[in-house]
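As structure tokens, the structure follows; a few thoughts come after it.
Computed from the coordinates by the stated procedures, all read-outs in this text should not be read as laboratory data. Computed from a prediction, not measured in an experiment: that's the story for all the values here. No Cβ is skipped: glycine too gets one built from the backbone with ideal geometry, and neighbour counts run over all protein chains shown.
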Amino acid sequence: MSLPFSKLPDKLPDTGLVGQYGAYIPAPGLVHAANTALGLGMPLLLTGEPGCGKSDFAWAAAKALGLKKPLCCQVRSDTRARDLLYHYDALVRFADAQAQVPRAREPRHYVSLRPLGVALMSPGRRQVVRIDEIDKAPRDLPNDLLLELDEGNFEIPELGEFDPKAPPIGDRKHVDIALRRDMERPDGVPRPLVIITSNAERQLPEPFLRRCVFFHISLPAKQEERMMVLRKILEGRFDHDKTVSPELLGTIATVFLALRDHSRDLIKAPTIAEMLRWTEALTQLYARRSVVDTLGDFLKALGGGGGKLPADKTPGWGDLPGLSCLIKHKDDLKTIGAYARDADPA
């Protein structure tokens, strides 16, 4: 049960959200968790299997708050905390100094803010920033961001001290944000909504977790509800393609769930992200009539609805077009009694 909020200047609506790919159907409790993060000024940490809507929720939140899109940070294995805040181009400054370019005397000309830095320092309305796949970063990165996420300030040590009476120099893309060594949030501006996603590939540090509002996006337990969620995801993602019928998307969701019924025995069960790529292959690469007929045979074997595909029914999983988009381990092919043989693309 979610209690109503009494004081919340910015609030996400419970319905009517629109993500990057169309209508966004939030998991129960997700909007409440986001509004809690907004009210407390804390980051929102989202986990869940790839493709479940973690990243797209940042788009939905940004649009609900009147923004065109979120500011996005993509984390890699070599990302440092400063890489999310700013970039200092020492090589270009060195080259300019060698060429005796006058601007080389001022290091602020070689600093550009990154998405998290822009969101923290933006003097306008509240920003939404997405930090994707933080579990892929070096272990120290989450803890290195604790002060910045707590206080909303950060330091650019490369700038050093300069005359406060000197004309302000703004970021190249955001001229309304003046650059200085000690970057402090403008007065009266609400903190950004920081949405951090994780695929839970490793455990995040406890000090970092204590500073986050947490929500896990999962499929419902009931088969009928899971089917509805998957259909909504597919319809939202492929709504732009008028040649793809809702009936075909419903069949795709049914067959996908039947394959996931083997997940207890699979080394790597197919995820929602793989379902989306599989659907893209079925609708763009293969002859549509062949896809409809083949999946129709699978649907008949399933009795027209959800559930497990009986072992004595034909066709077998090896006849499923695009199976290589879903099954990614050779032992799993043996488990479901299939071989990797895709139909020829149209």
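Over the chain, what relative contact order in percent results from Cα pairs under 8 Å that are six or more residues apart? Show your work: numbers first, answer last.
Values: 531 pairs, mean separation 66.1, N = 346.
In percent, rounded to a whole number, it is 19.
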What is the stretch 223-335 by shape, rounded, prolate or oblate, if you read a ≥ b ≥ c off the alpha carbon gyration tensor as root eigenvalues and call it rounded for a/c under 1.5, prolate for a/b larger than b/c, and oblate otherwise? rounded
Please report how far the C-alpha centroid of the stretch 121-140 lies from that of the stretch 189-261, rounded to the nearest whole angstrom. 20 Å
For L45, residues with placed amide H under 5 Å, excluding near neighbours: I196, V213, F214, F215
Which net charge results when you count Lys and Arg as +1 and Asp and Glu as -1 among the other residues whose beta-carbon is under 11 Å from that of R172? 0
q = 0.09, 0.19 Å⁻¹, the stretch 1-121: log10 I(q)/I(0) [Debye, one scatterer per Cα]: -0.39, -1.08
Taking only Cα atoms and a 10 Å spring cutoff, compute GNM fluctuations for the chain and point out the largest among A58, A200, A253. A200
Each residue of the stretch 271-277 in order: what ³J(HN,Hα) in whole Hz does its phi give by Karplus 6.51 cos²θ - 1.76 cosθ + 1.60, θ = phi - 60°, with x for Gly and Pro? 9, 5, 4, 6, 4, 5, 5
Give me log10 I(q)/I(0) at q = 0.09, 0.10, 0.16 Å⁻¹ for the chain, Debye formula, one equal scatterer per alpha-carbon, no solvent. -0.62, -0.73, -1.29
Residue by residue through the stretch 10-23, the couplings from Karplus 6.51 cos²θ - 1.76 cosθ + 1.60 with θ = phi - 60°, in Hz, x for Gly and Pro, are 9, 9, 7, x, 6, 9, x, 6, 10, x, 5, 10, x, 4
Amide H contacts under 5 Å for C73, restricted to residues at least 5 apart in sequence or on another chain and with H modeled in the peptide plane, are R130, I131, D132
Please return the longest stretch of the chain lacking exposed loop sites, where GluC sites (Glu not before Pro) count only if DSSP places them in a loop and at most 15 other Cβ atoms lie within 10 Å. 1-160
Phi-derived 3J(HN,Hα) across the stretch 99-107 with the Karplus relation (6.51, -1.76, 1.60, θ = phi - 60°), rounded Hz, x for Gly and Pro, is 8, 6, 6, x, 5, 5, 5, 10, x
Net charge near R125: determine it from the other residues with C-beta under 15 Å of the C-beta of R125, scoring Lys and Arg +1 and Asp and Glu -1. +4
Put a dot 7 Å past each Cα toward the Cβ at A97 and S290; how far apart are the dots in nm? 6.3 nm
